[in-house]
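Structure first, commentary second.
The values are calculated or read from the model by the stated rules, or taken from the named source; none is laboratory data. No experiment lies behind these values; they were computed from the predicted model shown. Don't worry about glycine lacking a Cβ; one is built from the backbone with ideal geometry, like all the others, and counts go over all protein chains shown. In case anyone asks, the SASA skips ligands and DNA or RNA and just uses the protein heavy atoms, side chains included. Shrake-Rupley method; radii C 1.70, N 1.55, O 1.52, S 1.80 Å.
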Amino acid sequence: MIPPELHQALQRLHNGTDTPADLEVVRTAMQARLITLAPATRTVTVGGNTEGTVIVTGDGNTVQVLHGAAAEKLRQIEIDDLTARYLRAVADDWQYLTITTRGEDRRLPLAGVFFMLQARPRPQPEPTAPPSPDIEPTEQRLADAGQSKTAELPPPPPPVPLETVLQTDEHLTILGEPGAGKSTALQFIGLCYARAAAGQAVEQLTIKRPAIPILLRLQVSASTIVQVTLRTALVAEIQSRLQCQADSADRLFEAWRQSNGLIILLDGLDEVPAERRQPVREQIEKTARSGIGRVILTSRPAGFLTLGGLQEYTLKPFADAGQEALPYLKGWLQALKPEWQAQVEEKAQSLIEQMQASAALRRLLNNPLLLRLSAQHYAATGAIARNRADLYRQWVEEAWQRARQRGASEQDKQPYLAALQTLAWHMHTGGDSSAPALQTALRSAGLAADDHAAADLLHRLREQTGLLARLSEAHTDRYLFLFSHMTLREYLVAMRLHNAWQQDARRTWRFLKLRLHLPAWREPLALLAGLLDEADARRLLTWIMHARSPEERRLRRDLLLVAELALESGYVQAMKGMLVPRLLRVLRGWWVWLSVRAEAAWALGQIGDVTAVPGLLAALRDADWGVRKAAAEALGQIGDAAAVPGLLAALRDAKWWVSEAAAEALGRIGAPAVP
């Protein structure tokens with residue numbers, strides 16, 4: 001039974017004598033689900049038509065049959081109600097970003113972590129031009145991927161904020177490498193449009209003309225798009241959000257198209273299975289031409305073909321740590337650790353400075369995904385990822401999850417990892433990075449039976465994981481392949497070394513001993529130490545300490561390398577009993593080069609063992625001011641109050657570099673340093 005006042009309001013609506021108060025009663029009843037509108041097909045059973053007749057039902061029974069203007073009023077009430085419900089539903093969903101950190105799913109506020117990216121317009125390719133590269137062809141980005149400059153590169157178009165790009169009425173394709181922030185940007189655009197359409201204030205994005213956003217994950221919707229149409233997939237998304245009848249969702253779609261306007265957000269063309277990608281492309285082009293709404297599409301550059309009618313922009317990697325990486329990290333750190341709000345600027349700045357101090361981590365500052373992983377580690381531990389192998393392991397795992405979304409099976413995981421390690425080893429040991437050479441490497445490793453299988457595997461690694469990028473070699477028709485970041489290649493080389501160590505540690509050591517002090521092998525060696533368990537890591541570091549490299553008595557390269565590797569791998573506690581006495585002997589050794597003695601002081605400070613304090617205090621009186629300065633800095637790092645008298649005396653040092661270092665050290669020690 002429906003309330004009497006509702007029955008009377010419906011009757012007056014039927015008679016054409018309704019008032020605004022009656023319409024509000026009906027609206028409230030529809031929102032409370034006391035009454036609903038029957039499917040359009042049911043109107044035929046009462047002698048009406050789907051356009052001019054509305055049946056009102058309650059408890060499954062017909063309450064009222066309305067025609068003409070009364071039916072139109074009720075339909076408008078339904079549209080307004082469904083629109084408000086839809087906008088609430090998508091805004092509630094899109095306002096959060098779900099990430100996995102240390103095995104736990106966390107929902108973080110999207111507005112807090114989103115950073116307005118910049119994009120470069122991508123010129124339409126000439127018909128005879130080679131395919132566009134998978135990564136931005138700038139000198140810095142190629143260097144980060146380990147590609148030396150082979151030809152003079154034309155200056156890239158100036159970047160523009162993504163917000164500026166969105167101010168146009170153009171259909172857009174937003175391209176970006178894995179982890180560049182494409183999907184997050186699309187979700188943020190949808191959230192802002194949903195809030196604007198609902199009449200809410202939107203601060204981070206200027207929206208001149210509100211529209212109703214519909215977001216499709218193309219991998220999920222591809223089947224419907226291919227078998228029916230893109231429009232059908234959009235209506236199905238509305239129906240899924242509202243749990244309403246299909247004809248109600250269809251009427252809603254048409255109402256939005258004719259009044260509010262639509263913004264159609266299509267995420268991940270590259271994730272659509274290869275056999276469906278072309279018909280999906282055709283449907284997107286058809287939709288853009290039809291005028292039913294504005295289309296914004298995202299995709300990786302790898303394998304992307306231009307769509308007619310869509311202007312292309314490529315998300316620019318971060319270039320300025322202060323202007324881009326810093327605010328991005330601030331947002332993530334504040335979301336991950338709300339209690340850091342008062343000091344988040346300081347925390348983010350400290351993280352960036354520590355990353356810039358590491359040659360390997362410095363390369364990660366341009367990629368939002370890798371910065372986010374760094375922020376997660378920093379928020380969880382309060383420290384930079386000393387054992388970087390853990391960070392890169394997460395990176396590869398996220399790449400594997402993307403590969404699964406792009407059609408890889410669970411059985412592909414180990415062959416893919418083996419193939420990536422094989423290619424990384426081939427490139428790192430000086431092998432040619434052309435497609436034929438890499439295919440030969442895959443065949444030689446037993447990972448492909450013939451040329452066709454090797455070419456297919458190389459294609460799938462590039463398309464599905466996003467860890468391999470393809471470039472066209474200048475002035476030739478050859479393609480070159482490289483890893484998306486040099487650091488990734490070094491990690492995969494370390495994985496190969498780790499596997500070899502497990503099989504034959506001594507043979508692996510003999511290989512490494514010849515390469516201990518070659519710059520190209522420094523990072524794989526550090527990552528290997530982090531991958532080994534404590535017993536094996538201690539074994540490796542002990543062997544390095546006794547490697548007796550040339551000029552070791554004066555240069556102490558083996559000892560200092562062990563100190564660095566122990567610190568970076570997280571095994572410094574296991575090694576400090578061997579390291580500290582040896583470093584102290586170097587610190588006071590007249591036969592050792594002065595720069596080496598200063599490096600020994602730095603290492604003692606990083607290790608942080610208080611047993612080194614007396615030796616460092618003695619070094620404050622060294623004849624060389626560089627050693628005195630390094631000793632003062634190390635004492636500040638250790639932070640032991642016993643160093644205060646010696647540091648106070650060092651404030652009067654004749655060299656201001658030393659006195660300044662002593663003052664900073666006293667500041668680090670804090671209250672015990674105050675007389």
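Go through the range 497-523 and give me each residue that's closer than 17 Å to Asp558 by Cβ and in contact with a helix residue (DSSP H, G or I) (Cβ under 7 Å, 6 or more places away or on another chain). Passing the criteria: Trp509, Leu512, Arg515, Leu516, His517.
Looking at the range 281-324, which of the residues that are among the small types (Gly, Ala, Ser) and open to solvent by less than 30 Å² (accessible area, probe 1.4 Å) is farthest from Ile174 (Cα to Cα)? Of everything passing the filter in the range 281-324, Ala321 is farthest from Ile174 (Cα to Cα). Scan Gln167, Gln187 and give me the residue that is open to solvent by 10 Å² or more (accessible area, probe 1.4 Å), in contact with a Leu (Cβ under 8 Å, 6 or more places away or on another chain), within 27 Å of Arg281 (Cα to Cα) and at pLDDT 85 or above. Among Gln167, Gln187, only Gln187 is open to solvent by 10 Å² or more (accessible area, probe 1.4 Å), in contact with a Leu (Cβ under 8 Å, 6 or more places away or on another chain), within 27 Å of Arg281 (Cα to Cα) and at pLDDT 85 or above. Those helices (runs of 4 or more DSSP H) of the range 548-591 in which 1 or more residues are surrounded by 20 or more Cβ atoms within 10 Å (Cβ to Cβ) occupy 557-569, 572-587. With respect to Glu285, determine if the residue is out of contact with any helix residue (DSSP H, G or I) (no Cβ under 7 Å at 6 or more places or on another chain), within 26 Å of Leu468 (Cα to Cα) and part of a helix (DSSP H, G or I). Against the criterion (out of contact with any helix residue (DSSP H, G or I) (no Cβ under 7 Å at 6 or more places or on another chain), within 26 Å of Leu468 (Cα to Cα) and part of a helix (DSSP H, G or I)), Glu285 does not qualify. Consider the range 351-374 and keep the residues that are free of Cβ contacts under 8 Å to residues at least 60 places away in the same chain and open to solvent by 40 Å² or more (accessible area, probe 1.4 Å). The one that is farthest from Arg106 (Cα to Cα) is Ala357. In the range 620-635, the qualifying residues are those that are among the hydrophobic types (A, V, I, L, M, F, W, C) and part of a helix (DSSP H, G or I), and the one that is surrounded by the fewest Cβ atoms within 10 Å (Cβ to Cβ) is Trp625.
Against the condition touching a residue at least 60 places away in the same chain (Cβ under 8 Å), closer than 30 Å to Glu564 by Cβ, among the charged types (D, E, K, R) and not in a loop (DSSP other than H, G, I, E, B), how does Arg496 come out, does it pass? Here the answer is yes, as Arg496 does meet what is asked.
Kindly establish whether Trp593 is aromatic (Phe, Trp, Tyr) and closer than 30 Å to Arg539 by Cα. Yes, satisfied.
The C-beta contact set for the range 189-203 (first residue closer than 13 Å to Leu265 by Cβ, second residue buried (at least 16 other Cβ atoms within 10 Å of the Cβ) and of a type in the set (Phe, Trp, Tyr), distance under 9 angstrom, 6+ apart or interchain) comprises Gly190/Trp94; Leu191/Trp94; Leu191/Phe114; Ala194/Tyr86; Ala194/Trp94. Is it fair to say Trp509 is more than 24 Å from Trp395 (Cβ to Cβ) and either open to solvent by less than 50 Å² (accessible area, probe 1.4 Å) or polar (S, T, N, Q) (or both)? Considered against the rule, which asks whether it is more than 24 Å from Trp395 (Cβ to Cβ) and either open to solvent by less than 50 Å² (accessible area, probe 1.4 Å) or polar (S, T, N, Q) (or both), Trp509 comes out as yes. In the set (1) of a type in the set (S, T, N, Q); (2) more than 30 Å from Arg515 (Cβ to Cβ); (3) touching a residue at least 12 places away in the same chain (Cβ under 8 Å), the condition left unmet by Ser659 is number (3). Would you check if Pro127 is open to solvent by 50 Å² or more (accessible area, probe 1.4 Å) and at pLDDT 60 or above? So Pro127 does not fit the description; no. Here Glu490 passes the criteria (1) in a helix (DSSP H, G or I); (2) free of Cβ contacts under 8 Å to residues at least 60 places away in the same chain; (3) not aromatic (Phe, Trp, Tyr) except the one numbered (2).
If the condition is being under 15 Å from Asp533 (Cα atoms) and open to solvent by 30 Å² or more (accessible area, probe 1.4 Å), then the range 486-503 contributes Met495, His498, Asn499, Ala500, Gln502, Gln503. Taken over the range 239-256, the criterion of being closer than 12 Å to Ile79 by Cβ, in contact with a helix residue (DSSP H, G or I) (Cβ under 6 Å, 6 or more places away or on another chain) and open to solvent by 40 Å² or more (accessible area, probe 1.4 Å) is satisfied by Asp250 alone.
Beta carbons closer than 6 Å, at least 6 apart along the sequence or on distinct chains, pair a first residue in the range 280-293 that is over 11 Å from Ala222 (Cα atoms) with a second that is open to solvent by 60 Å² or more (accessible area, probe 1.4 Å) for Ile292/Arg257.
Within the range 375-390, the set of residues being free of Cβ contacts under 8 Å to residues at least 24 places away in the same chain and under 17 Å from the mean Cα position of the chain (by Cα) comprises His377 only. Just one of (1) modelled with pLDDT of 80 or more; (2) open to solvent by 30 Å² or more (accessible area, probe 1.4 Å); (3) among the hydrophobic types (A, V, I, L, M, F, W, C) fails for Ala91. It is (2). Can you confirm whether the range 325-333 contains a residue that is under 19 Å from Leu369 (Cβ atoms), among the basic types (Lys, Arg) and open to solvent by less than 20 Å² (accessible area, probe 1.4 Å)? Within the range 325-333, none of the residues are under 19 Å from Leu369 (Cβ atoms), among the basic types (Lys, Arg) and open to solvent by less than 20 Å² (accessible area, probe 1.4 Å). Tell me, please, whether a residue that is more than 19 Å from Leu488 (Cβ to Cβ), touching a Leu at 6+ places or on another chain (Cβ under 8 Å) and among the charged types (D, E, K, R) can be found in the range 462-474. Yes, the range 462-474 contains a residue that is more than 19 Å from Leu488 (Cβ to Cβ), touching a Leu at 6+ places or on another chain (Cβ under 8 Å) and among the charged types (D, E, K, R). Scan the range 592-619 for residues that are under 23 Å from Pro550 (Cβ atoms) and assigned to a loop (DSSP other than H, G, I, E, B) and the total you get is 2. Among the residues of the range 434-457, those identified as open to solvent by less than 20 Å² (accessible area, probe 1.4 Å) and under 17 Å from Gln414 (Cβ atoms) are Leu442, Ala448, Leu457.
Under the condition of being farther than 25 Å from Ser484 by Cβ and either part of a loop (DSSP other than H, G, I, E, B) or within 15 Å of the chain's Cα centre (by Cα) (or both), the residues counted in the range 294-329 number 2. Evaluate the range 256-271: report whether one residue or more is modelled with pLDDT under 90 and within 30 Å of Ala399 (Cβ to Cβ). Checked against the condition, which is being modelled with pLDDT under 90 and within 30 Å of Ala399 (Cβ to Cβ), the range 256-271 yields at least one hit. Among the residues of the range 373-399, those that are assigned to a helix (DSSP H, G or I) and farther than 18 Å from Pro178 by Cβ comprise His377, Tyr378, Ala379, Ala380, Thr381, Arg388, Ala389, Asp390.
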